[in-house]
Every structure is written in structure tokens, then in C-alpha cells.
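The values are calculated or read from the model by the stated rules, or taken from the named source; none is laboratory data. Please read all numbers here as calculations on a predicted model, not as lab measurements. Reconstructed Cβ throughout: ideal geometry from the backbone, glycine too, with neighbour counts over all protein chains shown. Just the protein is used for accessible areas: all its heavy atoms, side chains included, with ligands, DNA and RNA removed. Shrake-Rupley method; radii C 1.70, N 1.55, O 1.52, S 1.80 Å.
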Amino acid sequence: MAAKLMKGFWAKVARIILRNRIIILIIIAAITVFLALQWDKMRFSNTQAVLLPDDHPIILQYQTFLDQFGEEGNTVVFAVKDTAMKSPANFNRWNRFSKQLGAFPEVDFVLSVDNLQELKKDAEKQEFVLEPLIDKTPESRTEVAALTEHMFNDLPFYDDLIFNKETGTIRTIINLDKEIVNTTVRKDFILQDLTNLVNDFEEDTGMDVHVSGMPYIRTMNSQNIIDEIGKFILAALFVTSLIFFFFFRSFRATLISMLVVIIGVMWAFGILGLLQYEITVLTALIPPLIIVIGIPNCIFLINKYQQEVKKHGNQALSLQRVISKIGNATLMTNITTASGFATFIITDSQLLKEFGIVASINIIGIFILSLLIIPIVYSFMSLPKTKHLKHLNKRWIDAFVNWMVHIVRDRRISVYVTSILLMVVSIIGIYQIRISGSPIEDMPKNAEFFKDIRFFEAEFDGIMPVEIVVDTKRPKGVLRPATLKKIDELDEVIQGIPELSKPVSIVNLVKYSKQAFYNGIPKYYQLPTTQENNFIMDVARKSSGNGNLLKNFVDSTGQTARITTYMRDVNTERMEAIEKRLEENINTIFPAERYTVYLTGSALLFLKGTKYLVTNLVMSLALAIALIAVFMAYLFRSFKMIVISLIPNLLPLVITAGVMGFVGVPIKPSTILVFSIAFGISVDDTIHFLAKYRQELVANQWRINKSVYAALKETGVSMFYTSIVLFFGFSVFIISSFGGTVALGALVSATLMFAMLANLILLPSLLLSLEKNIANKEVLKKPLIDILPKEEINLKDEKE
């Protein structure tokens with residue numbers, strides 16, 4: 001009954017489409033125009049990707065930190081390492097550059113050699129005063145040398161902050177206005193005003209300026225994403241259209257397919273704008289994904305149309321059969337593909353939820369466009385010429401099909417042995433996979449801003465902020481001598497970790513105050529004794545001239561302090577070891593009954609987010625597998641058939657995971673997507689093969705051997721064509737400058753190729769080997785026989 005309803009449904013759909021061609025085209029055009037009008041609502045991401053849910057304890061701690069001390073990721077740093085800086089002209093030009101930075105309204109605070117303040121004791125007033133380091137412009141090399149020598153030798157407070165006395169590197173630090181850090185104003189300021197200012201300085205002096213800091217890195221990274229969207233779309237269109245034309249040798253068929261996927265891309269951008277989702281490194285992949293996934297739909301539909309034309313030459317009947325017989329099969333394969341993406345919706349990551357929603361919607365959208373546009377456009381055209389149908393009789397296709405039949409018939413034991421060996425070796429590789437929690441690992445290695453990251457790591461030990469928050473549980477508890485000593489003790493632990501930079505905290509300011517009390521003698525840069533503490537603390541509170549330093553280290557109540565350090569780009573294992581060592585020392589130094597101390601900051605946030613994401617994505621992959629299993633159960637009503645259908649699709653995932661382990665590709669947000677995406681796409685081949693196999697069983701009186709070979713001959717070439725399109729389509733992501741996108745493209749391409757071979761060789765081998773166990777006519781009569789087309793798509797001439 002249900003089978004008849006489904007058969008009648010698609011016949012009715014075909015009639016509706018072909019009888020209302022003009023109206024449907026007008027509706028498609030109207031929807032396309034409407035979605036195109038939503039493009040101006042698209043927003044490129046201005047914030048750092050948050051992988052943890054909003055109510056996660058780590059996020060709540062981070063938000064508390066931001067409420068107390070403001071945005072931590074608003075610092076941009078500039079550095080010059082050049083002996084030419086000893087020239088008075090260049091030295092003064094650097095100071096003028098720093099002044100120019102401070103003149104911008106987007107800049108909240110500047111700390112540089114130009115405005116460096118030196119804390120001194122006023123002998124007459126018996127108080128501390130802040131005096132500028134530079135009281136007059138140096139005019140000779142001798143004056144510049146004297147200034148830098150004094151700064152390097154007598155001002156340890158600024159060591160590793162403004163300069164590296166070992167290498168002579170000098171830097172300027174700016175804090176952007178916290179209100180603009182996560183807005184487009186930041187992007188415009190950095191890409192235009194800041195970049196122009198740096199270029200002018202480099203042109204005037206001939207020195208290279210290194211620029212870094214999280215706002216700068218995020219801006220340049222986002223700009224790279226924007227630049228690559230167009231490159232991906234053009235590359236995907238070129239590659240898929242080239243392969244399509246190679247298969248069909250028809251400009252008309254190629255142009256119709258390009259029209260379908262271009263409209264699909266327009267819809268993808270429109271849906272992003274309509275939902276007001278930000279364009280991130282993930283959502284930027286959706287338009288080229290739509291092209292890659294849409295082309296196989298076009299191959300199935302156009303190929304079926306040409307087969308029908310060749311068979312009987314009746315255009316109306318051919319178009320009706322394209323819709324009625326291919327529509328349901330294509331719908332189900334697109335649903336399985338969309339399901340692979342839709343499983344990301346169950347994760348608690350907003351980034352992945354948005355990616356899953358937009359991708360799954362657009363995959364169904366490209367199916368609808370294919371089903372409507374291709375039959376309608378062909379209905380206004382003449383019948384394909386004989387030369388356009390020659391591809392259906394290529395000799396190399398026969399050779400390929402015969403090779404597959406030979407392997408399945410004569411080499412089944414070899415197939416099983418090879419599969420088992422691959423699985424065993426892959427499992428060994430899986431144990432070598434590591435998880436990456438580095439926020440900069442996927443960034444383009446050849447980009448200038450990435451080279452600058454490495455420069456600052458070498459000169460100042462990193463740019464990724466790590467914050468330690470110390471809550472004393474009492475107002476003004478931070479300035480108590482006992483607390484200062486504990487913070488100083490933790491500072492020493494941090495300095496003993498080579499991957500962390502010299503920490504900055506209230507202790508630095510207090511030590512500087514004591515040095516000033518003793519007339520600036522460097523050896524007194526240390527914590528004051530109990531007797532000295534009261535007086536020096538009063539001086540520290542007055543030290544507001546230098547950017548009100550106290551408020552940068554302590555909250556307004558004096559109860560909570562921050563210790564800021566920066567981390568190099570290290571692997572996840574080392575990052576976790578550093579975190580563990582810090583926590584162990586924190587627990588030892590700060591008694592839990594008197595202090596609440598926790599770690600936060602962008603670096604640790606990304607690490608925790610990555611590990612959390614991996615757990616969620618493993619669950620989403622499990623859900624995808626479960627959904628496909630349910631789908632197979634609905635089609636075949638046989639547990640053994642479910643197992644048989646899943647094995648050829650799970651084995652490629654295991655192989656890919658093993659390759660990742662051996663090659664050294666880590667598990668990270670970009671690569672973990674591979675498995676759900678590839679599984680959702682590769683299972684399409686299984687559906688096509690098993691659908692044809694089931695139909696052949698009915699036609700051949702349940703003779704499994706004959707049915708398997710018939711299904712292999714009928715569907716093998718179609719599966720090969722679409723797999724080749726998908727392989728090269730996903731391969732376009734390899735041209736990306738982002739490591740994660742390159743890995744995603746390469747791994748999905750490889751997985752789909754493994755899956756094609758598994759479905760063409762392992763799947764029919766399993767069916768033949770287990771024929772006695774699964775050849776149960778009564779079981780196979782129960783499924784909806786006509787739910788998939790009786791005439792499966794193939795690229796050979798159908799033999800009547």
C-alpha cells in the first residue's frame with residue numbers, strides 16, 4: 001500500500017512540475033531575488049570562536065574575569081629588531097609612530113619608549129613622582145645609546161614588556177577601546193589606519209615592523225577567510241564543470257548544471273544573511289560544498305534523461321521518468337548527506353550548530369533546485385544529439401566494470417584479507433592520534449602575520465594570553481604582604497616554565513616602587529619588607545600617571561588580582577602539562593580556605609573548547625550512524641542487511657583515522673568534521689547499490705549471485721562518476737592557506753575514495769558470501785519495493 005502511494009506521489013510530482021513550468025521558474029527566480037536581498041545582512045565574524053556552551057563553568061569563570069578586568073584580548077603589539085634603531089632619526093621616528101598610534105580614537109592606551117614613565121623619589125617632598133624617561137629628543141647616537149642603556153640596565157620593570165635587553169628588540173603596546181574589539185570598527189581600523197601607519201614607518205626607515213596581538217591576528221585571519229571564499233567557489237565551479245564535461249561531452253548539460261549550483265550558492269549566501277549568522281571558517285565552506293554536493297544530483301538526473309531519450313526518443317516521457325524514478329532516490333541520498341551535517345546541531349557549540357543548520361538546509365535546497373530546474377530547462381530544448389549520448393558506450397567503462405566483477409567473483413578472500421589488514425593497521429594508527437588545542441595551528445603558515453607570531457614567541461615568549469585570577473575573599477586583601485609574597489612565589493614558578501612569558505602582576509609594580517624608593521638602584525627591584533610595605537603601598541596607589549597601572553592588576557575593591565602571562569604555541573599534551581603544573585603549585589601556595597584561584601584566558605579557553613568539541617562530535621557521528629542504521633532498517637527490515645550496509649561505510653572512516661595517526665594530522669575542530677561529513681555522503685553509494693540489488697532480486701527470482709553482479713554492472717559506473725566528482729570537488733579545499741581546511745579537503749576526499757572502493761568491492765563480496773543467511777524472500781518482500789527506482793541510474797546503455 002505504502003509502495004503504491006509513494007509511486008503515485010512521484011508520478012503526481014512529475015505532472016505538477018511539467019505542467020507548471022513557467023510558474024515554478026518564476027517562483028525560483030523570486031526566491032533567488034529575495035535571498036539575494038539578504039546578502040547585505042551577512043556578517044563576518046569579529047569575535048573569537050567560542051567552542052564551549054555559554055553555561056559551561058569555564059565560560060562562566062572567563063566571563064567573571066572580563067567583568068572584573070575588562071576584555072583581555074584587546075592588546076596589539078609592535079616591535080622592531082634592527083641595529084638601525086640606534087640612529088637618532090629612526091629612534092625618533094619610532095617614537096613619533098607611537099604618538100600617532102595614541103592619536104586614534106580606537107586606541108585606549110599606549111605604552112612605548114616615547115611615553116615611558118620612570119618612578120622616582122622626590123627628596124624634597126618625600127614622595128614618589130613619575131617622570132618621563134625621555135625629557136628631550138635625542139639628537140645623536142650617543143644620546144640614543146645612553147637612553148637605551150639606562151632603560152635596559154636600570155628599569156627591570158619594563159624588561160620583556162617594552163624591550164628584550166638580550167636582543168635589543170623594542171616594542172610598543174597599545175590597548176584598543178574595549179567597546180570596539182568585537183566589532184567591524186576594529187577590522188576597519190586595523191586593515192586601513194593601522195596598516196597604513198605601519199607601511200609609512202617602514203617606507204621612511206627601511207625597518208621591518210612586526211605586528212601581533214589577538215585583535216590583529218583575528219582580523220588578518222578573518223580577512224584571509226573572506227579572500228578564500230571567492231577562490232573556493234571559482235575553483236569548485238571550474239573543477240566540477242571540467243569533470244562534468246569530460247563525462248558528458250555536452251556544453252548544454254554542463255551549463256545547465258552550473259546554473260543549478262550557482263543558484264544554490266546564491267541561496268546559501270542568502271540563508272546565511274536571512275538567519276543573520278556570522279561567516280566563520282566553517283560557514284565559509286558551505287557555498288563550495290553546495291557546488292560539490294549539487295553536481296552529483298545533476299549527474300544522476302541528466303544521465304537518466306539521456307538514457308531515456310536513447311531508449312525511446314520520447315522527450316515528455318523521458319522527463320516524466322527522470323522525476324518519478326530518480327526523484328525519490330536522489331531525495332533519500334540528499335537526506336542522508338544532510339543528516340551527516342545536521343548531527344552537528346546537537347552539539348552545544350554555537351559555531352557547529354550554525355554550520356549544521358545552514359549546511360543541511362542548503363543540501364535539501366540544492367536537491368529541490370536540481371529536481372525542478374533540470375527537467376524544466378530540458379523541456380524547452382530539443383532532444384540531445386547522438387554525439388551527446390556516446391559517453392554511454394565507452395569501452396573503458398566496460399573494462400572498469402569487468403574488473404570489479406572479476407575482483408568480486410574471483411578474489412573475495414583477498415578482499416577480506418586486505419580489509420582486515422587495513423583495519424588492524426588503521427587501529428594501530430588511531431592510537432597515535434593526538435588532540436590539538438592550539439588556536440593558531442590552522443592559520444596560514446606563509447602569511448606575514450603568522451611569521452610575526454613566531455617572532456614574538458622568540459622575542460617575548462608568546463602572544464596567547466593566560467590569566468591567573470587570585471581572589472583573596474576580603475577587600476584590599478591583594479596588597480597584604482602575605483598575599484604579595486604568594487603571588488611572587490607563583491610568578492617564580494611561571495618564570496621556570498620556558499613556554500610561558502615573564503608574568504605581569506601587582507607584584508611587578510610593588511617591586512618597582514621599592515626600587516624607586518632606593519633611588520632607582522636595580523638591585524632593590526624586589527618586594528618590600530613588612531616595615532617598608534605601608535609607605536611603599538601608598539606610593540603605588542599614587543602611581544596613576546603611567547596609565548593608572550594599579551587598575552590593570554587589581555579590581556576596584558582590591559580583593560582580586562590578576563597575573564598575566566603569555567604562552568607559546570605548544571602541542572596539547574604540553575599545554576595540559578603546563579596547566580597541571582600551575583594548578584598543583586596554586587593549590588600548594590594558596591590555601592583553599594583563604595583564596596579562590598583559577599586559570600582562564602584565550603589559550604586555555606580554546607584548549608578546553610577543543611576537547612569538549614571532540615566529545616560532542618563523537619556523539620554526533622554516533623547519531624549519524626544510528627540515523628543511517630534506522631534508515632536501512634526501514635528499507636530492508638533485516639538486521640543482517642543493516643550490518644552489511646554499515647561495514648563498507650565504517651571501514652573507510654577507520655582507515656582515514658589511522659592515516660591521520662600515522663601522518664600526524666591531529667584531531668581538532670576542522671578534522672573531526674571529516675567523519676560525519678564523509679559518512680553522510682558515502683552512504684549514498686550504499687543506498688544506490690542496495691536499492692538496485694533489491695530490485696534485481698525481485699526480477700531474478702531471489703537469485704542473489706545473479707542479482708549482485710547485475711546491480712554491480714548497473715550502478716558501478718554511476719557510483720564511480722559521482723565519487724570522482726566528489727573526490728576532486730573536495731580536493732579544491734587543498735588550495736586553502738588554512739591548515740584545517742586543507743586537512744578537511746584531503747581527508748574527506750580520501751575517505752570518499754576509500755568508501756567508493758568499499759561499496760563497489762567489499763559490499764557485493766559480503767552479499768555473495770552471506771547469501772545463504774540473507775536470502776530470505778519473505779524478509780525482502782516486506783520492504784517498500786518501489787520506494788527506490790526500479791531502473792537504477794547507470795552510465796551504460798540499459799539492456800532490455
Completion exercise
Expected sort for 240-252, 605-617, 187-199 on mean C-beta neighbours within 10 Å, highest first, is 605-617, 240-252, 187-199
Practice task
Give the long-range amide H neighbours of Tyr566: residues separated by 5 or more places, or on another chain, with amide H under 5 Å away, using H modelled in the peptide plane at 1.01 Å from N.
Solution key: Val466, Ser501
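Counting alpha carbon pairs within less than 8 Å and at least 6 residues apart, what relative contact order, in whole percent, applies to the chain?
Working: 1228 pairs, mean separation 150.6, N = 800.
Normalised by residue count, the contact order of the chain is 19 percent.
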Practice task
List the DSSP H helices in the chain whose Cα atoms stretch 24 Å or more along the helix axis and whose mean Kyte-Doolittle hydropathy is at least 1.0.
Solution key: 214-248, 251-274, 350-379, 412-430, 602-636, 639-663, 739-757
Completion exercise
By the mean-Cβ-within-10 Å protection proxy, highest first, 567-580, 285-298, 56-69 rank as 285-298, 567-580, 56-69
Handout entry: Under 15 Å, Cβ to Cβ, from Glu203 - net charge with Lys/Arg +1 and Asp/Glu -1
Key = -3
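Quick one: with all protein chains in place, what share of the accessible area of the range 394-469 is carbon or sulfur, to the nearest percent (1.4 Å probe)?
Working: 2380 of 3820 Å².
About 62 percent, which is the carbon plus sulfur part of the accessible surface.
Express in nm, to one decimal, how much length is gained between Ala577 and Thr137 on full extension, taking 0.36 nm for each residue of separation and deducting their alpha carbon distance. Before the final figure, lay out each step's value.
Details: separation 440, 0.36 × 440 = 158.40 nm, distance 4.79 nm.
Roughly 153.6 nm would be gained on extension.
Compute the Cα gyration tensor for the range 176-241, then decide on rounded, prolate or oblate, letting a ≥ b ≥ c be the square roots of its eigenvalues: rounded whenever a/c is under 1.5, prolate when a/b is larger than b/c in the other cases, and oblate in all that remain. Present the calculation step by step, with values, prior to reporting the outcome.
On the way: a/c = 3.27, a/b = 1.65, b/c = 1.99.
Oblate is the answer for the range 176-241, as a/c is 1.5 or above yet b/c matches or exceeds a/b.
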Practice task
Largest first and to the nearest Å, give the Cα extent of the chain along each principal axis.
Solution key: 111, 51, 41
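Taking R0 as 22 Å, what's the FRET efficiency between Gln100 and Asn446 from their Cβ-Cβ distance, rounded to 0.05?
Numbers: r = 29 Å, r/R0 = 1.34.
Step by step, r from the Cβ atoms, then E = 0.15.
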Problem - Prolate/oblate/rounded call for the range 471-526, Cα gyration tensor, a/c under 1.5 rounded - result: oblate
Practice task
Keeping all protein chains in place, calculate the accessible area per residue for the chain (probe 1.4 angstrom), answer in Å².
Solution key: 41 Å²
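Under the classification rounded if a/c is under 1.5, otherwise prolate if a/b is larger than b/c and oblate if not, where does the range 263-419 fall, given a ≥ b ≥ c as square roots of the Cα gyration tensor eigenvalues? Could you put the intermediate results ahead of the total?
On the way: a/c = 2.75, a/b = 1.30, b/c = 2.12.
Because a/c hits 1.5 or more and a/b fails to exceed b/c, the range 263-419 counts as oblate.
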Problem - Cα-Cα over 21 Å, subset of Lys502/Lys668; Lys473/Lys502; Lys165/Lys502; Lys476/Lys608; Lys12/Lys325 - result: Lys502/Lys668; Lys473/Lys502; Lys476/Lys608
Practice task
Multiply the residue gap between Thr184 and His406 by 0.36 nm, knock off their C-alpha separation, and tell me the result in nm, one decimal place.
Solution key: 73.8 nm
Practice task
Using a 1.4 Å probe and counting only protein heavy atoms, arrange Asp398, Asp208, Asp684 so the residue with the most accessible area comes first.
Solution key: Asp208, Asp398, Asp684
Fill in the blank from the handout: Here the FRET efficiency for Val698 versus Phe9, based on Cβ atoms and R0 = 30 Å and rounded to 0.05, is 0.90
Exercise for the section: Quick one: which residues, 5+ away or cross-chain, put their amide H under 5 Å from the amide H of Ile435? H built at 1.01 Å from N. Expected result: Ile667
Practice task
On the full set of protein chains, 1.4 Å probe, figure out the accessible area of Glu166 and give it in Å² to the nearest 10.
Solution key: 150 Å²
Problem - Placed amide H near Val107: partners under 5 Å, 5+ positions off or other chain - result: Asp177
Handout entry: All aspartates and glutamates inside 14 Å of Lys311 as judged from Cα atoms, apart from same-chain residues fewer than 8 positions distant
Key = Glu791, Asp797, Glu798, Glu800
Fill in the blank from the handout: The ratio Rg/Rh over the Cα atoms of the range 412-534, Rh being the Kirkwood inverse mean 1/r radius, stands at 1.30
Practice task
Starting from the Cα of Ala36, step 7 Å toward the Cβ, then list every residue of the range 243-286 with an amide N under 17 Å from that point.
Solution key: 258-274
Problem - R0 of 35 Å, Cβ-Cβ distance Val618-Ile368: FRET efficiency to nearest 0.05 - result: 0.65
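Under Stokes-Einstein, with the Kirkwood radius over Cα pairs standing in for Rh, what whole-number D in µm²/s applies to the range 560-713 at 20 °C and 1.002 mPa s?
The diffusion coefficient I find is 108 µm²/s.
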